[in-house]
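**Student:** Here it is, the structure in full.
The values are calculated or read from the model by the stated rules, or taken from the named source; none is laboratory data. Computed from a predicted model, the values in this text were never measured in an experiment. Cβ placement follows ideal geometry from the backbone for every residue including glycine, while neighbour counts extend to all protein chains displayed. Accessible surface is based on the protein model in full, side chains and every heavy atom, while ligands, DNA and RNA are left aside. Shrake-Rupley method; radii C 1.70, N 1.55, O 1.52, S 1.80 Å.
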Amino acid sequence: MENENKTPRKKWDLMIGIALVLFGGLRLYNRLQTEEEWGFRSMLTLLFIGYGGYLIYRYFQSASQD
């Protein structure tokens with residue numbers, strides 16, 4: 001019964017992870033096309049991309065265990 005409640009959350013985590021990676025990658029690409037240097041915003045965007053990748057990784061790890 002506990003797994004039934006976590007299934008929608010896992011799917012949302014996957015969708016949020018994909019969105020963070022895609023939008024963060026697009027934003028980082030556009031920022032690096034206009035700026036030459038890595039600033040605070042570029043590093044923050046890179047952290048969001050990393051967190052999105054972690055959410056995707058965690059989804060597939062828990063899916064293989066089920």
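**Student:** May I ask you to verify whether E36 is at pLDDT below 85 and farther than 28 Å from Y59 by Cα?
**Tutor:** Criteria met by E36.
**Student:** Could you tell me which residue of segment 1-15 is nearest to L55 (Cα to Cα), considering only residues that are out of contact with any Leu (no Cβ under 6 Å at 6 or more places or on another chain) and modelled with pLDDT of 90 or more?
**Tutor:** L14
**Student:** When you go through G39, G52, G25 one by one, which is the residue that is open to solvent by less than 60 Å² (accessible area, probe 1.4 Å) and under 9 Å from the mean Cα position of the chain (by Cα)?
**Tutor:** After ruling out the rest, the residue left standing is G52.
**Student:** Please enumerate the residues belonging to segment 19-66 that are polar (S, T, N, Q) and either touching a residue at least 12 places away in the same chain (Cβ under 8 Å) or under 18 Å from R9 (Cβ atoms) (or both).
**Tutor:** S42, T45, Q61, S62, S64, Q65
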